[in-house]
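Quick note: the coordinates plus some simple rules give every number you see, no bench work behind them. Owing to the predicted nature of the structure, the values given are computational and were not obtained by experimental measurement. Positions of Cβ are generated from backbone atoms using ideal geometry, with glycine treated the same way; all protein chains shown enter the neighbour counts.
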Amino acid sequence: MYSIKIESYFSSAHYLRGYRGKCEELHGHNWKVEVELEAKKLDKTGMVLDFKDLKRELNQVLEKLDHKCLNNVAYFRKVNPTSENIAQYIYNSLNSKVRGLKLVTVWENENSCATYYE
C-alpha cells in the first residue's frame with residue numbers, strides 16, 4: 001500500500017452558532033490542511049498521483065474559503081463551520097476529483113486539528 005500527503009493553507013474568519021464561549025464571536029484562523037491519498041498500485045510513472053495535480057485540486061477548493069467569513073459561504077450557511085465540518089467539506093469537494101482520497105485533516109492552530117475520512 002502506498003500513500004502520499006500534501007499540505008496547504010488558507011486564512012478565514014468564522015463564528016460558531018449555538019456555542020457558548022469565545023468562539024461564538026467572529027474570529028480568524030490561519031488554517032493548515034493536510035490531504036492524504038492511498039493506492040494499492042502506482043500509475044505508469046510510479047506515482048499515486050502527481051503532487052502538483054493534487055495541490056492544484058486542493059487549492060481550487062481552498063480558494064472558495066480563503067479570506068472569507070466561512071459563515072457566508074453557501075455550504076456553511078446551514079452547516080456550522082467547525083473544524084470537523086470544514087474537513088468534511090474539503091473531503092467531499094475533493095472526493096470526486098481525485099482517486100484514493102483517504103483523509104483530510106484541518107488544523108486551526110498548531111495544537112488542534114480535526115480529521116474526516118470515510
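A few remarks follow.
- Between the Cα long axis of helix 83-95 and the first principal axis of the chain there is an angle of about 40°, rounded to the nearest 10.
- Nearest 10 degrees, 0 to 90: helix 51-63 Cα axis against the chain principal axis: 20 degrees
- Residues Lys52, Lys64, sorted so that the one with the fewest Cβ neighbours within 10 Å comes first: Lys52, Lys64
- FRET efficiency for Lys102 and Arg77, using Cβ-Cβ distance with R0 set to 25 Å, rounded to 0.05: 0.30
- Largest GNM mean-square fluctuation across Ser12, Ser96, Ser83, computed for the chain with C-alpha springs under 10 Å, falls on Ser96.
- Between the amide H of Leu16 and those of Glu24, Glu25, distances stay under 5 Å, these residues lying 5 or more places away or on another chain, with hydrogens modeled in the peptide plane.
- Across the cross-link table entries Lys5/Lys68; Lys44/Lys102; Lys22/Lys97; Lys41/Lys78, which are compared at the Cα atoms, the separations over 31 Å belong to Lys22/Lys97; Lys41/Lys78.
- Each 5 Å bin from 0 upward holds the following percent of the Cα-Cα pairs of the chain: 2, 11, 22, 24, 17, 10, 7, 4, 2, 1, 0.
- 20 Å reach of a label modelled at Ser11, 7 Å along Cα-to-Cβ, counting backbone N of region 32-75: 32-34, 59-73
- Computed about its Cα centre, the charge dipole of the chain is approximately 320 debye, with only Lys, Arg, Asp and Glu carrying charge at their Cβ.
- Taking label points 7 Å from Cα along the Cα-to-Cβ direction, Tyr19 and Asp50 give a separation of 3.9 nm.
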